[in-house]
1. Would you say Arg117 is under 13 Å from the mean Cα position of the chain (by Cα) and basic (Lys, Arg)?
2. With the structure loaded, tell me whether Asp135 is under 17 Å from Gln78 (Cα atoms), over 15 Å from the mean Cα position of the chain (by Cα) and open to solvent by 60 Å² or more (accessible area, probe 1.4 Å) or whether it fails that test.
3. Condition first: among the aliphatic types (A, V, I, L, M) and open to solvent by 30 Å² or more (accessible area, probe 1.4 Å). Now tell me which residues in the stretch 145-171 satisfy that.
4. Exactly one of these conditions fails for Val43: (1) of a type in the set (A, V, I, L, M); (2) buried (at least 20 other Cβ atoms within 10 Å of the Cβ); (3) closer than 23 Å to Gly195 by Cβ; (4) in contact (Cβ under 8 Å) with a residue 60 or more places away in the chain. Give me its number.
5. Quick check: is even one residue across the stretch 195-210 of a type in the set (Ser, Thr, Tyr) and farther than 22 Å from Gly24 by Cα?
6. For the stretch 25-34, what are the residues that are open to solvent by 50 Å² or more (accessible area, probe 1.4 Å) and out of contact with any helix residue (DSSP H, G or I) (no Cβ under 7 Å at 6 or more places or on another chain)?
7. Looking only at the stretch 205-221, which residues are surrounded by 15 or more Cβ atoms within 10 Å (Cβ to Cβ) and either of a type in the set (S, T, N, Q) or in contact with a helix residue (DSSP H, G or I) (Cβ under 6 Å, 6 or more places away or on another chain) (or both)?
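The values are calculated or read from the model by the stated rules, or taken from the named source; none is laboratory data. Just so you know, these numbers come straight off a predicted model, no measurement behind them. No Cβ is skipped: glycine too gets one built from the backbone with ideal geometry, and neighbour counts run over all protein chains shown. Ligands, DNA and RNA are stripped out before the accessible areas are found, and what is left, the full protein with its side chains, is counted by its heavy atoms. Shrake-Rupley method; radii C 1.70, N 1.55, O 1.52, S 1.80 Å.
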Amino acid sequence: KNRIINGNMVIDQRNAGAAVTASGTYVVDRFAVANSSDGGISVQQDSSAPAGFVKSIKYTITTADGTLATGQRLGCQQKIEGYNIADLGWGTADAKSITLSFWVRSSLTGTFGSSLRNSDNSRSYPFTYSISTADTWEQKSVTIAGDTSGTWLTTNGVGIRLEFGLGTSSDMSGTAGAWVSANYASVTGAVSVVGTLNATWYITGVQLEAGSTATEFEHRPYGTELSLCQ
């Protein structure tokens, strides 16, 4: 049921827990760093996790960028293959709703922004979640109506681009809660993690499933998850 691969962050074939700093680098399998800001980051698999999980992704800001220029952002991204979302029917009148759920922790509190986008970034759905207590694991879920417009690949290209925003320029930020024909990676006014030196942000238990209800995280056998990553 979970369209996300390695949502519990246990598979790290490239780095074996070592930190990465470059944009486009996979920190754990399937989850990539997106960074066009002037901020410095250290990102790695971490052993901090809520009950029922053993690993997470941790972002640490080593150089803050408090003023993001046009086109600049920091995010955590997974590209879901088109074959794996074909049944959702996005881009048609029969588009199905999805529910995204995840566990998150940060040294910062407030309203954070994220988004779903299509392969060419011409359609996006910015959404928010809130962190109320610093340095504490909190579970979140967001239900999103399927997009009846735009082009959504059902091949081995990018079907859905899921990005958790950690600081996004104003031109790439929009109003939460609606599909738009724009390249929005986050929400206007969202917390900018990259804007705070030594700020931390963690995530695990990421699940994207059809329907309007967040169900229990699908723990697949390790061998199955590894095969999906490969």
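1. Details: under 13 Å from the mean Cα position of the chain (by Cα): yes; basic (Lys, Arg): yes.
So Arg117 fits the description; yes.
2. Taking the combined requirement at face value, the residue does not satisfy it.
3. The answer is Ala145, Leu153, Val158.
4. (4)
5. Taking the stretch 195-210 first, the residues of a type in the set (Ser, Thr, Tyr) are 196, 200, 202, 204.
After this cut, where a residue has to be farther than 22 Å from Gly24 by Cα as well, the list is none.
Within the stretch 195-210 (the criterion being of a type in the set (Ser, Thr, Tyr) and farther than 22 Å from Gly24 by Cα), the answer is no, since none of the residues qualifies.
6. Tyr26
7. Matches in the stretch 205-221: Gln207 only.
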